[in-house]
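Structure record follows, encoded as structure tokens.
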Amino acid sequence: MITPTKGIAPDRCLLAVGAQVLLQLDEPRTVSQAWARLKSWRADQAHTSPVSFEWFVLALDILFAMGAVELDQDVLVARSKNAAPSER
């Protein structure tokens with residue numbers, strides 16, 4: 001699920017979908033905006049492997065666990081790779 005396998009296409013594994021989500025977070029966006037942009041981007045890039053909203057949310061979970069995104073006042077924000085980890 002997290003990485004490509006025999007049953008999970010490389011463009012559909014959670015790390016790849018997470019990277020695709022990060023591409024959509026060039027500025028803070030709501031979850032709905034990020035989802036809409038991801039669907040549009042995948043169509044523009046001719047990715048035919050289906051990605052459901054649930055799969056999108058799992059990718060967000062992975063990104064959050066890695067400290068790559070955070071939710072700030074109901075808006076998704078991509079964290080800088082040089083930023084110090086936030087205190088929880």
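The values are calculated or read from the model by the stated rules, or taken from the named source; none is laboratory data. Here the structure is a predicted model, which means the values were calculated and not measured. Here the Cβ is made from the backbone with ideal geometry for all residues, glycine too, and neighbour counts use every protein chain on show. What goes into the accessible areas is simple: the full protein's heavy atoms, side chains included, and nothing from ligands, DNA or RNA. Shrake-Rupley method; radii C 1.70, N 1.55, O 1.52, S 1.80 Å.
Overview of results
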{"item": "Residue-averaged 222 nm ellipticity for the chain, from DSSP H runs of 4+ at -39500 (n - 2.57), nearest 500", "result": "-13500 deg cm²/dmol"}
{"item": "Inter-site label distance for SER52 and ALA65 at 7 Å from Cα along Cβ, in nm", "result": "1.9 nm"}
{"item": "Environment charge of PRO28, counting only residues whose C-beta is closer than 15 Å and scoring Lys/Arg +1, Asp/Glu -1", "result": "-2"}
{"item": "Using alpha-carbon coordinates, inclination of helix 31-44 to the longest axis of the chain, degrees", "result": "40 degrees"}
{"item": "Accessible surface, per residue, of the chain when the full set of protein chains is kept, probe 1.4 Å, Å²", "result": "65 Å²"}
{"item": "Accessible surface of the chain [probe 1.4 Å, protein heavy atoms]: carbon and sulfur percent", "result": "56 percent"}
{"item": "Helix axis angle, 14-24 relative to the chain longest principal axis, alpha carbon, degrees", "result": "60 degrees"}
{"item": "For the chain, size of Cβ-based charge dipole, Lys and Arg +1, Asp and Glu -1, in debye", "result": "300 debye"}
{"item": "Distance between segment 28-80 and segment 1-27 - C-alpha centres, whole angstrom", "result": "10 Å"}
{"item": "Residue-count net charge about VAL17 - beta-carbon cut-off 10 Å; Lys, Arg +1, Asp, Glu -1", "result": "+1"}
{"item": "0 to 90° range, to nearest 10: angle between helix 53-65 axis and the chain longest Cα axis", "result": "40 degrees"}
